[in-house]
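J.: Have a look at this one before I ask anything.
The values are calculated or read from the model by the stated rules, or taken from the named source; none is laboratory data. Quick caveat: nothing in here was measured; it's all calculated off a predicted structure. Note: ideal-geometry Cβ built from the backbone for every residue, glycine included; neighbour counts use all protein chains shown. Areas reflect the complete protein model, heavy atoms only, side chains present, ligands, DNA and RNA absent. Shrake-Rupley method; radii C 1.70, N 1.55, O 1.52, S 1.80 Å.
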Amino acid sequence: MSTKTEATVKTKKVQWFWTWVIGSVILRLILVYFPKNLNLSSRPEVSTPLTSIRRLAEGYWLKQSSMSPYAGSMYHGSPLLLTLLGPLTVTKIEGQPDHLLCSLVFVMADVVTAMLICAAGKKLQVAYGSSLQSVGLHQLSQDSDILPSGDFAALVYLWNPFTIVACVGLSTSVIENLMIVLTLYGACTRVAPLAAFGWVIATHLSLYPAILIIPVVLLFGYGPDAPPRKLFLQRKNLEVDDSNSSDRNFFEDELVNKKRMLKVFSWRPVGLFLFWALLWSSYVLILCGIYVQQHGGLQEMFKRSYGFILTIQDLSPNIGVFWYFFAEVFDFFRSFFLIVFHGNILLLIVPLAIRLNHRPCFLAFVYIVLSSMLKSYPSVGDSALYLGLLGLFAYELKDMQYSFFLFSGYVGVSLFSPVMHNLWIWRGTGNANFYFATAIGYAFLQIILVIESVSAMLNHDRMLTKLTTAKLQNVKS
């Protein structure tokens, strides 16, 4: 293929990509003008006590009335969100829908998130292709470049109905998703201040992104996702065995250097990231302390935000399973089950990190799915994020089983959840079990997604190992 033809194809791909991006923005802007008919901001699948724009507006009104924004157990989010989004909730344009300015901010946040996913995907694809070439799998490297995973993941995120619903429903999970993706992008490009800023703000907003520090540290220490490290050593070992005696010393020295490179963990970028994380954390705490100094200080903020998350005080229905369980459990056992449920996330962190340490971005994806499944107040905005990030690994997970079942399951849950909620709350012809059944189904789908995606990735690594071993043995023989 000539250079001119390649340039033409590349230009068409770029035009096609931006056409779909602009189309998703236009769709959001159209839906923004029908909020009263859609009424998405009041849906329990979209807005939770932590992400509701109505609660944020109430907290801002309390603050403007010289009262604590946490008074009355209405608002439980960050004081920084009150500062940034609060004024937009009371600023109205005559003849325009309420919260129009907030809607525009959320649309821009979605677009920026998609662009960051696209950029991170391109970085991962280049690094992974070069890793495959270094172990001699040139054909696989060319195949992996056929599908632009970054563009694909960005479009999946923008056109995902969950993403659109969260944006139009004015769920602040959109801002949290932006910060998480900013963290991953900063870690992939090894820009420590950017990654630290995203991680600190994301953790400050919802606490659960704190576990992402493990894949971020691995990204800074080892670099982006790559085949298992033993493949590089295996290739060098076979090269040394196959070399002539005159060149054996040279290959042995090269092997020792390669082993040294593979085992050395780059502590300098990790230390730089931790320094910036400490700096940004101090800055955020100072700003929050100034904002709430007349209303109980930081202790009150921690109690009403992080304490609210960990103790699960609000038992209003959502697409999670905690609200139903803790509505039924005896108070005597409440503390025990709080430890059990929150401990499930912590128990899975270390084993997954050990097994997937060579794929830190995929590890971050798995952590995000687990936290979305086990968090106290989940929403569809959480699913929108990990389903978008799933597109980054389209090539590695192309053989994943039950893909159609998962797709059908998510569609079914999306359709049945509002129906069951209507039958229970408004028509009175059902009960809480109707709505809880969809929550159980939703959790079940996420469990299958985690199991199948991890299994598919490990099978892909095994395939790379077999191909590398077979190729090098053929060369040796």
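J.: Looking at the stretch 3-33, which of its residues are modelled with pLDDT under 85 and basic (Lys, Arg)?
T.: Passing the criteria: Lys4, Lys10, Lys12, Lys13.
J.: Next up: Test of understanding: among Tyr435, Tyr402, which residue is over 30 Å from Gly129 (Cα atoms) and hydroxyl-bearing (Ser, Thr, Tyr)?
T.: Details: Tyr402 fails: over 30 Å from Gly129 (Cα atoms).
Matching residue, one of Tyr435, Tyr402: Tyr435.
Matching residues to (1) of a type in the set (Val, Ile, Thr); (2) assigned to a loop (DSSP other than H, G, I, E, B); (3) touching a Gly at 6+ places or on another chain (Cβ under 6 Å); (4) modelled with pLDDT of 90 or more:
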| position | (1), (2), (3), (4) |
| --- | --- |
| Ile93 | yes, yes, no, no |
| Pro97 | no, yes, no, no |
| Leu101 | no, no, no, no |
| Val105 | yes, no, no, yes |
| Asp110 | no, no, no, yes |
| Gly129 | no, no, no, no |
| Leu132 | no, no, no, no |
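J.: Further question: Can you go through Trp280, Trp323 and tell me which one is modelled with pLDDT of 90 or more and under 30 Å from Gly223 (Cβ atoms)?
T.: Criteria check complete, one pass: Trp280.
J.: I would also like to ask the following. Does Pro351 meet the test of being closer than 25 Å to Arg462 by Cα, assigned to a helix (DSSP H, G or I) and open to solvent by 40 Å² or more (accessible area, probe 1.4 Å)?
T.: Yes, satisfied.
J.: Follow-up. Hey, could you check the stretch 166-194 for residues that are among the hydrophobic types (A, V, I, L, M, F, W, C) and assigned to a loop (DSSP other than H, G, I, E, B) and say which is nearest to Gly59 (Cα to Cα)?
T.: Here the residue is Leu170.
J.: Inspect the stretch 248-268 for any residue being more than 30 Å from Gly186 (Cβ to Cβ), modelled with pLDDT of 90 or more and among the β-branched types (Val, Ile, Thr) and give the result as yes or no.
T.: no
J.: Which condition number does Trp199 fail, the rest of (1) surrounded by fewer than 23 Cβ atoms within 10 Å (Cβ to Cβ); (2) modelled with pLDDT of 95 or more being met?
T.: Exception for Trp199: condition (1).
J.: In addition: Can you name every one of the helices (runs of 4 or more DSSP H) wholly within the stretch 359-446 that holds 1 or more residues which are free of Cβ contacts under 8 Å to residues at least 60 places away in the same chain and either farther than 29 Å from Leu178 by Cβ or open to solvent by 20 Å² or more (accessible area, probe 1.4 Å) (or both)?
T.: Once the helices (runs of 4 or more DSSP H) in the stretch 359-446 are filtered for at least 1 residues that are free of Cβ contacts under 8 Å to residues at least 60 places away in the same chain and either farther than 29 Å from Leu178 by Cβ or open to solvent by 20 Å² or more (accessible area, probe 1.4 Å) (or both), what remains is 360-374, 403-421.
J.: Can you tell me which residues in the stretch 289-323 are of a type in the set (A, V, I, L, M), more than 23 Å from the chain's Cα centre (by Cα) and outside any helix (DSSP H, G or I)?
T.: If the condition is that a residue be of a type in the set (A, V, I, L, M), more than 23 Å from the chain's Cα centre (by Cα) and outside any helix (DSSP H, G or I), then Val292, Leu315 are the ones that fit.
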